[in-house]
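A quick write-up on the structure given underneath.
The values are calculated or read from the model by the stated rules, or taken from the named source; none is laboratory data. All of these numbers come straight from a predicted model, not from anything done at the bench. Positions of Cβ are generated from backbone atoms using ideal geometry, with glycine treated the same way; all protein chains shown enter the neighbour counts. The protein model used for the area step is the full one, side chains on, heavy atoms only, and it has no ligands, DNA or RNA in it. Shrake-Rupley method; radii C 1.70, N 1.55, O 1.52, S 1.80 Å.
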Amino acid sequence: MSPFRTHMHQALSEAQAAGARGEVPVGAVVVAPDGQVLAAEGNRTRALCDPTAHAEILAIRAACHALGQERLAGCDLYVTLEPCPMCASAIAQARIRRLYYGAADPKSGGVGQGPRVFAHPQCHHIPEIYDGINAAQSEALLRDFFARLREGEGGA
């Protein structure tokens, strides 16, 4: 078995790119069991005029397309921000093996905060969850983005 290798740096890069586009800076990366990156995406809700175009959803869709199947059993997901309830449900539906996330989201999170989607008996799959991965960098991206918004520099 190979040693653990985080892909959070790539998720952070996707988050930075999303922020530069005026999107909330969240990035996600789906990794196959062999370590191959299947998909890397950032938020695109504004660009696509789609409230479901969160980084996690886009990465899951792209990874499923790359594999030609609707499930990602054995795959891992790295995301810079705790997934919201919608994304947590998609993670369960996709059968993601492990979820690694950076910053906690007390306002909109659905994993460790709020509704805790994976704790519900209706949840058919629960990934292994690892939080706090590069949390400081993820939090700084979000904090800086929203500070710029408050200052009137544009964005979401």
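Of everything in segment 118-156, what is within 15 Å of T6 (Cβ to Cβ) and either part of a loop (DSSP other than H, G, I, E, B) or modelled with pLDDT under 95 (or both)? Give them in sequence order.
Result: G132, I133, N134.
Based on this model, can you work out whether G68 counts as free of Cβ contacts under 8 Å to residues at least 24 places away in the same chain, out of contact with any Asp or Glu (no Cβ under 8 Å at 6 or more places or on another chain) and on the phi > 0 side of the Ramachandran plot?
yes
Out of all the residues in segment 95-116, which are more than 19 Å from E70 (Cα to Cα), touching a helix residue (DSSP H, G or I) at 6+ places or on another chain (Cβ under 7 Å), open to solvent by less than 30 Å² (accessible area, probe 1.4 Å) and without any contact (Cβ under 8 Å) to a residue 40 or more places away in the chain?
Hits for segment 95-116 are A103, G110, V111.
Anything in segment 117-156 that is in contact (Cβ under 8 Å) with a residue 60 or more places away in the chain and among the aliphatic types (A, V, I, L, M)? List them, or say none.
Passing the criteria: I133, L141, L142, A156.
Output yes when any residue across segment 75-83 is open to solvent by less than 20 Å² (accessible area, probe 1.4 Å), touching a Pro at 6+ places or on another chain (Cβ under 8 Å) and in a loop (DSSP other than H, G, I, E, B), and no when none is.
There is at least one residue in segment 75-83 that is open to solvent by less than 20 Å² (accessible area, probe 1.4 Å), touching a Pro at 6+ places or on another chain (Cβ under 8 Å) and in a loop (DSSP other than H, G, I, E, B).
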